[in-house]
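Accompanying notes for the structure given below.
No lab work stands behind these numbers, since they all come straight from the coordinates. From a predicted model like this one, the values you see are computed outputs, not experimental measurements. Methodologically, a virtual Cβ is constructed for each residue, glycine included, from the backbone with ideal geometry; neighbour enumeration extends over all protein chains shown.
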Amino acid sequence: MTKSKIANVLKYVFLFVAAMISIFPLVWMFISATNTSGDVLGGRLLPGTNLLANFRALTARADIGQALWNSLRNALVATVASLVVCSIAGYGFEVYHDRGKDFLMKVLLLSMMIPFAAIMIPLFMMVGQFNLLSTTTAFVLPTVSTAFLIFLFRQSARYFPRDIIESSRLDGLSELGIFVRMYIPVMRSTYATAGIITFMAAWNNYLWPLIIMQSEGSRTMPLLLSNLVAGYVTDYGLLMLAISISVLPTIVIFLLLQRSFAEGIVLSVK
């Protein structure tokens, strides 16, 4: 074998080992969902026969269907709202460019340095004053506009052909029509990237729902999982099954949009 072939073989071996190390926790989690708590603590790496028993115990202990629906509804509403608001803002920052917008963009980027814990109490007081506790509206409001997504769409808008905008204006198309009929179809990959990021962040959000979701019927999956580990004894087989159910929607979303996700990231960093 030549040196180049040996190098290629070593490269693929390294990538294979790295991939196996990366997905092992996920595979072990799915396997553990079929085992008893004792088998999980013992480090069993083979599928068991306790899946149905774990599922019956889980449904008896928690309303998994309601929690899944709450998480899915909140994540979808947050994703759609964020995509609409942040894409319009990012498009406006770049297409209608001036020095004032540059300064405002710098202020927005600086806001990313402020931890959520610093604004959590004022947000909670605002939500409480408007009687929005335990609602999807309260869940969505802090994430409907984020500096990162606005910056992502602004960077992508830089590569949107200006000739399309000028020709559309000459043809009599309105500014909103240009955005909807011209910009959105061209930037599908950016929307997919922003959608994945927002959906995963909303689905996995724990701290904010812990504060505002005060009724039993409004609890999301992260809150349900935290309740399963509360107490003196934890059933790890049941817990692994609940976690497996919780991660399935995000896995499906990412697999469906992974190609567009990669394209959107490449476009935004050019």
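Some points to look at:
- Scanning the stretch 35-47 for residues that are surrounded by 15 or more Cβ atoms within 10 Å (Cβ to Cβ) and either of a type in the set (A, V, I, L, M) or free of Cβ contacts under 8 Å to residues at least 60 places away in the same chain (or both) yields 40, 44.
- Residue check for residue 242: out of contact with any Phe, Trp or Tyr (no Cβ under 9 Å at 6 or more places or on another chain), touching a residue at least 12 places away in the same chain (Cβ under 8 Å), among the hydrophobic types (A, V, I, L, M, F, W, C) and closer than 30 Å to residue 113 by Cβ: no
- The stretch 124-147, residues that are under 14 Å from residue 213 (Cβ atoms), assigned to a helix (DSSP H, G or I) and hydrophobic (A, V, I, L, M, F, W, C): 124, 127, 138, 139, 140, 141
- Residues in the stretch 148-164 that are surrounded by fewer than 18 Cβ atoms within 10 Å (Cβ to Cβ), in a helix (DSSP H, G or I) and in contact with a helix residue (DSSP H, G or I) (Cβ under 6 Å, 6 or more places away or on another chain): 155, 164.
- Among the conditions (1) within 24 Å of residue 246 (Cβ to Cβ); (2) crowded, with 21+ Cβ neighbours inside 10 Å, the only one that residue 201 does not satisfy is (2).
- Residue that is surrounded by the fewest Cβ atoms within 10 Å (Cβ to Cβ) [pool: residues in the stretch 166-198 that are more than 25 Å from the chain's Cα centre (by Cα) and within 15 Å of residue 88 (Cβ to Cβ)]: 176
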